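The values are calculated or read from the model by the stated rules, or taken from the named source; none is laboratory data. Please read all numbers here as calculations on a predicted model, not as lab measurements. Glycine also receives a Cβ, built like all others from the backbone with ideal geometry; neighbour counts cover every protein chain displayed. For the accessible areas, the whole protein counts, side chains as well, though only heavy atoms, and no ligand, DNA or RNA atoms are used. Shrake-Rupley method; radii C 1.70, N 1.55, O 1.52, S 1.80 Å.
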Amino acid sequence: MNYHVVSHPEVEQDIFDIVDYIAPFAGLASARKATDDITGFITRLGDFPKIGSLRNDVRPGLRAVAVREAAICFVVDDETATVTILGVGFAGSDWTRRVRDRG
């Protein structure tokens with residue numbers, strides 16, 4: 001069964017922040033390649049929603065998986081077959097705080 005993938009409204013800004021972080025030292029093309037890899041992975045989470053490590057210490061039901069240097073944080077709702085992306089941290093950013101703040 002495929003799950004529907006949705007994102008918290010602030011995830012788009014997380015992706016823009018990654019571009020802003022990478023582009024100055026690696027170039028815009030590299031930044032876009034990184035974010036394309038990350039967003040492509042997010043899209044495919046509907047095919048394998050139980051991947052990643054459970055991080056109940058941060059938030060109940062939270063899962064986190066690393067892609068490139070990003071931590072993709074999400075919860076899975078089996079009743080609605082939905083994966084909700086709560087945040088994408090990058091290169092040591094404080095993704096745990098960000099995910100806790102995004103009720």
Subject >> Qualifying strands (runs of 3 or more DSSP E) (wholly inside segment 59-103; at least 3 residues being open to solvent by less than 20 Å² (accessible area, probe 1.4 Å) and in contact (Cβ under 8 Å) with a residue 60 or more places away in the chain) >> reply: 82-90
Original post:
Does at least one position in segment 25-42 carry a residue that is closer than 20 Å to W95 by Cα, of a type in the set (A, V, I, L, M), surrounded by fewer than 17 Cβ atoms within 10 Å (Cβ to Cβ) and free of Cβ contacts under 8 Å to residues at least 40 places away in the same chain?
Top reply: no
**OP:** Please enumerate the residues belonging to segment 43-58 that are in contact (Cβ under 8 Å) with a residue 40 or more places away in the chain and farther than 15 Å from T96 by Cα.
**Re:** L45, G46, D47, P49
